[in-house]
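A short write-up of the structure that comes next.
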Amino acid sequence: MKALVYHGPGKKSLDERPMPTLIAPTDAIVRMTRTTICGTDLHILKGDVPSCEPGRVLGHEGVGVIEEVGAAVSTLKAGDRVLISCISSCGRCDYCRRAMYSHCTTGGWILGNRIDGTQAEYVRIPHAETSLYPIPAGADEEALVMLSDILPTGFECGVLNGKVQPGSTVAIVGAGPIGLAALLTAQLYSPAQIVMIDLDPNRLEVASRFGATACIDSGRVDPVDAVLALTGQIGVDCAIEAVGVPATFELCEALVAPGGVIANVGVHGVKADLHLDKLWDRNISITTRLVDTISTPMLLKTVSAGRIDPTRLITHRFQLEDMAGAYDTFSRAAETHALKVIIEVS
Ligand SMILES: [Zn+2]
Ligand SMILES: [Zn+2]
């Protein structure tokens, strides 16, 4: 089968690989129909993720059709169309019993990281019963690709952790796919204001169409002054960090109102400063999280009912044969205006 293989920092290629086979009785083999590329895949290619070793098939998102299941899998069968969660969970360990699937002792984020992933014609999914979701009849499969990772990530790490509430004020720093996913799902709670902050005018334009009440180009105006002006000089109840660099985390520290929450979503590679001298008496909270995908069943219903349309995040389509083109377009997002690219596998 064809698969996109990581060969060390800066190196990848579409290679011929052997078909995956069942290893544990709880596994399933899925024939991929649609997959996508994540910002995390670019982190791996930069060499930022040491757990992902050369030779690994990348990808942790997508939908497909079950080809084969292990002897212990009773709730899924060959031919079932399924959504693949970016987080594998056994459903039994101490962390899974506490709904922290991302810390599952035999799962978590392993797909396209510690085990071969979804940018391939076939993938082996461990803990299949608790890591795959049957696709409802009639659902838009491309929309569901957005539910493997970015929608639950924006929702759980940003909106839920950030305690977005009716009437509250929200700032989202970073209008990439994850920031936009937080913007789409924050609206389930009817906040009074959602302010998007980014350096890319195209992404801010998209955010405006997606329901942001204000957009701030932080390359042109001081985002702290602008947010204070929009909030009666108070700041925001919820500052969502969706970039993952020190400057944007520290910006959230400057934006959060007394009693507010800084909800970190970004993947940070270096330390950021915590300005406790300014924050110690402000009753704020800081939250961190890797997505647990506990909200996937709810988001499946919400998307199926048309309450959220994540297909709006899809900007480009490629065939698996043109993975090089897909990575090139996705990695030059400022020029190509790419948000999410869909890769048609079969
Ligand atoms: Zn991802
Ligand atoms: Zn577990």
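The values are calculated or read from the model by the stated rules, or taken from the named source; none is laboratory data. None of the values given here were measured: they were computed from a predicted structure. Neighbour counts are summed over all protein chains in view; Cβ atoms, including those assigned to glycine, are modelled from backbone coordinates with ideal geometry.
Here are a few things to note about the model shown:
- Taken over region 322-346, the residue count meeting the criterion of being without any contact (Cβ under 8 Å) to a residue 12 or more places away in the chain and either closer than 25 Å to residue 202 by Cα or not in a helix (DSSP H, G or I) (or both) is 4.
- Note on region 135-210: enclosed helices (runs of 4 or more DSSP H) holding 2 or more residues that are more than 16 Å from ligand 1 (Cβ to nearest atom) are 141-145, 177-186, 201-209.
- Scanning region 86-115 for residues that are within 16 Å of ligand 1 (Cβ to nearest atom) and aromatic (Phe, Trp, Tyr) gives 101, 109.
- The set of residues in region 255-286 being surrounded by 17 or more Cβ atoms within 10 Å (Cβ to Cβ) and either over 17 Å from the mean Cα position of the chain (by Cα) or not assigned by TED's automatic domain parsing to the domain that holds residue 160 (or both) consists of 255, 256, 257, 260, 261, 262, 272, 284, 286.
- On inspection, residue 63 passes the criterion of being hydrophobic (A, V, I, L, M, F, W, C), out of contact with any Gly (no Cβ under 9 Å at 6 or more places or on another chain) and within 15 Å of ligand 1 (Cβ to nearest atom).
- Within region 298-310, restricting attention to residues that are over 15 Å from residue 154 (Cα atoms) and in contact (Cβ under 8 Å) with a residue 60 or more places away in the chain, the residue that is surrounded by the fewest Cβ atoms within 10 Å (Cβ to Cβ) is 307.
- If you go through region 153-190 and pick out every residue that is on the phi > 0 side of the Ramachandran plot and either of a type in the set (Ser, Thr, Tyr) or within 18 Å of the chain's Cα centre (by Cα) (or both), you end up with 2.
- Meets criteria (more than 24 Å from residue 38 (Cβ to Cβ), away from ligand 2 (no atom under 16 Å from the Cβ) and touching a strand residue (DSSP E or B) at 6+ places or on another chain (Cβ under 6 Å)) for residue 229: no
- Filter pass, residue 123 being in contact with a helix residue (DSSP H, G or I) (Cβ under 8 Å, 6 or more places away or on another chain), more than 14 Å from ligand 1 (Cβ to nearest atom) and hydrophobic (A, V, I, L, M, F, W, C): no
- Test: residue in region 84-97 that is closer than 21 Å to residue 340 by Cβ and surrounded by fewer than 20 Cβ atoms within 10 Å (Cβ to Cβ): no
- Only one of the numbered conditions (1) crowded, with 23+ Cβ neighbours inside 10 Å; (2) small (Gly, Ala, Ser); (3) within 30 Å of residue 266 (Cα to Cα); (4) away from ligand 1 (no atom under 15 Å from the Cβ) is violated by residue 55, and that is (1).
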